[in-house]
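Here is the structure we will look at.
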Amino acid sequence: MLGNRHLINRKLAVALILLTTLLYIFCCSNGNKPRLNEITIAQWGQERYLIYLPLYLAEEEGFFAAQGIDIKIKFSGNDDQVFASVLKGEASFGVGDPVFTAISRERGAKGKVVASIVDGVAIWGVTNNPNIGKITSKEDLRGLKVGTFPEPSTNYTLMKNTILEGGDDLKDTKIVQAPIGAQIALIENGAADIAMELEPGTSIAESKGYKVVYSSPEFYGPFAFTGLTTTEGYIQSNRDMVQKVVSAIENALQFAHQNEQQTIEIAQKLFPGLEKNVVAIAVTRMLSEKTIPQHAVMSSEAWQKALQIRLQVGDLKEIQLTEESVDNSFAESAQANE
């Protein structure tokens, strides 16, 4: 009986040593891998879009992880819904039309833009109509039906403003709205002459025989199309975290412009359902037309253009100074430290 007791005690001791050893190994191995802070970013649309490549690049190349961050992307629908998610605390940051920070400011909400993600209107017009040539002026849109994303998207707002500025010359130019991803169908069913497309939609259409006749980046120049937004309250409570997120974006932007071929390869990996050649053409277009900015700083020129458009169509009551809704301090610090 005593021998059995010793045997049981010996087995318990061995089991305890084994358990302690396993716990030690587990703790030590985890100690070498710092725990990442999970940050939720609300993004425009219902899926990944190639125009937001800098965001995905920062994740894929480990720029977020290097800052101790693990991001979770929350697809939030149209532009107004993205910033609404940030205001409601469902996300710490938003990636979408940054001008909604200015619009919300007039309504009492304190939003801020802390980085540029897309600097330039990353939308191109395609058609299969051989009679429609290159569109380089407002007058070239005379009498056309133009397919856009739904109101109040930047795409719709810009085209509406362009038509208003065209006066009598564009009195017969019409906007045809369609859900995101349904623009080419407008051409195919005869509802539109031109479809406004993001990338890779533009390059996909081009690969199928459509021609690119309208370049919004060329038409509008520097323009605050997509920004990284948050709230003043979050900035006050989490300045270090804001800096880390913006620094990761800055690193991704610089990487994209300095390593075009590698950026193309990463994009091809991120979008495996697309033909590699389509992705290559799309990324090259975005880099060459500079819709992917070289740095995260939001220029006053780009910001004021975006405000002017919203003012003219009635979404804003009055123009604001750039610094009211844009905080470039984090982007400037990130750029200076690279």
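The values are calculated or read from the model by the stated rules, or taken from the named source; none is laboratory data. Not measured: the values here are computed from a predicted model. Note that each Cβ is placed from the backbone with ideal geometry, even for glycine, and that neighbours are counted across all protein chains shown. What goes into the accessible areas is simple: the full protein's heavy atoms, side chains included, and nothing from ligands, DNA or RNA. Shrake-Rupley method; radii C 1.70, N 1.55, O 1.52, S 1.80 Å.
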* Mind checking which lysines have their C-alpha under 22 Å from LYS112, skipping anything on the same chain fewer than 8 residues away? -> LYS72, LYS74, LYS88, LYS244, LYS305, LYS317
* To do: Pull up all non-local amide H partners of GLU151: gap of 5 or more, or a different chain, and H-to-H distance under 5 Å with H placed in the peptide plane.
  => none
* Looking at the chain, do any whole DSSP H helices span at least 30 angstrom along their long axis by alpha carbon and average -1.0 or above on Kyte-Doolittle, and which? -> 2-31
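With r defined as the distance between the Cβ atoms of LYS171 and LEU270 and R0 fixed at 41 Å, what FRET efficiency is calculated, to the nearest 0.05?
About 0.40, to the nearest 0.05.
Please give the length that would be gained between GLU232 and ASP70 if that part of the chain were fully extended, namely 0.36 nm times their separation in residues minus their C-alpha to C-alpha distance (nm, one decimal).
Values: separation 162, 0.36 × 162 = 58.32 nm, distance 2.21 nm.
Stretched fully, the GLU232-ASP70 segment lengthens by 56.1 nm.
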* **Whole-Å semi-axes of the ellipsoid equivalent to the stretch 108-150 (Cα gyration tensor, √5λ, descending)** => 33, 13, 11
* To do: Using only the Cα atoms of the stretch 158-206, each taken as one equal point scatterer with no solvent, compute I(q) by the Debye sum, divide by I(0), and report log10 of the ratio at q = 0.17, 0.22 Å⁻¹.
  => -0.57, -0.84
* Asked: For the chain, what % of the accessible area comes from carbon and sulfur atoms, probe 1.4 Å?
  -> 51
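Would you calculate the convex hull of the Cα atoms in the stretch 127-208 and tell me its volume per residue in Å³? Numbers along the way, then the final one.
On the way: hull volume 7.5 nm³, N = 82.
Per residue, the Cα convex hull of the stretch 127-208 comes to 91 Å³.
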* Go through GLY227, SER203, ILE249 and say which Cα lies farthest out towards the positive end of the charge dipole of the stretch 193-338; charges sit on Cβ, +1 for Lys and Arg, -1 for Asp and Glu. => SER203
* Asked: What translational diffusion coefficient, in µm²/s and rounded to a whole number, does the Stokes-Einstein relation yield for the stretch 209-338 at 37 °C and a viscosity of 0.692 mPa s, taking the hydrodynamic radius as the Kirkwood radius over Cα pairs?
  -> 195
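Summing -39500 (n - 2.57) over the DSSP H runs of n ≥ 4 in the chain and dividing by its residue number, what mean residue ellipticity at 222 nm do you reach, to the nearest 500 deg cm²/dmol? Provide the component values of the computation, followed by the final result.
Working: 16 runs with 164 residues, N = 338.
That calculation yields -14500 deg cm²/dmol at 222 nm.
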* Structure fact -> Counting sequence-distant residues (5 or more places) and residues on other chains, those with an amide H built under 5 Å from that of ILE175 are VAL146
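Just to verify a number: FRET efficiency for GLU289 and LEU36, C-beta to C-beta distance, R0 = 35 Å, to 0.05?
0.55
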* Asked: Which net charge results when you count Lys and Arg as +1 and Asp and Glu as -1 among the other residues whose beta-carbon is under 12 Å from that of LEU311?
  -> 0
* Asked: Of ALA248, ALA66, ALA306, which is the most mobile in a GNM of the chain whose springs link Cα atoms less than 10 angstrom apart?
  -> ALA66
* Structure fact -> For the chain, the dipole about the Cα centre with charges only on Cβ (Lys and Arg +1, Asp and Glu -1), to the nearest 20 debye, works out at 1500
* Cα gyration tensor of the stretch 91-249 - equivalent ellipsoid semi-axes, whole Å, descending -> 34, 17, 13
* Name the residues whose placed amide hydrogens come within less than 5 Å of the amide hydrogen of GLU197, ignoring near sequence neighbours (fewer than 5 apart) on the same chain. => TRP124, GLY125, VAL126
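Based on the mean of other beta carbon atoms within 10 Å per residue, what is the order of 213-225, 230-242, 273-285, 164-176, most packed first?
Values: 213-225: 21.3, 230-242: 16.4, 273-285: 18.1, 164-176: 13.6.
In decreasing order of mean packing, 213-225, 230-242, 273-285, 164-176 become 213-225, 273-285, 230-242, 164-176.
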* Asked: Setting aside same-chain residues fewer than 8 positions from LYS276, which lysines have a Cα under 25 Å from its Cα?
  -> LYS208, LYS211, LYS290
* Structure fact -> If R0 = 30 Å, then GLU139 and ALA182, at their Cβ-Cβ distance, give a FRET efficiency to the nearest 0.05 of 0.60
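Arrange the peptides 92-98, 190-196 so that the one whose residues have, on average, the most other Cβ atoms within 10 Å appears first. Don't skip to the answer; put the middle values down first.
Values: 92-98: 28.6, 190-196: 21.9.
Descending mean neighbour count gives 92-98, 190-196.
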* With no solvent and one point on each alpha carbon, what is the Debye value of log10 I(q)/I(0) for the chain at q = 0.07, 0.08 Å⁻¹? -> -0.34, -0.42
* May I ask you to compute the full-extension gain from ASN131 to GLU332, defined as 0.36 nm times their residue separation minus their alpha-carbon distance, rounded to one decimal in nm? => 67.7 nm
* Enter the Cα centre distance for the pair the stretch 262-338 and the stretch 85-149, rounded to the nearest angstrom. => 11
* Asked: Solvent-accessible area per residue for the chain at a 1.4 Å probe radius, Å²?
  -> 47
* **Under 11 Å, Cβ to Cβ, from GLN320 - net charge with Lys/Arg +1 and Asp/Glu -1** => -1
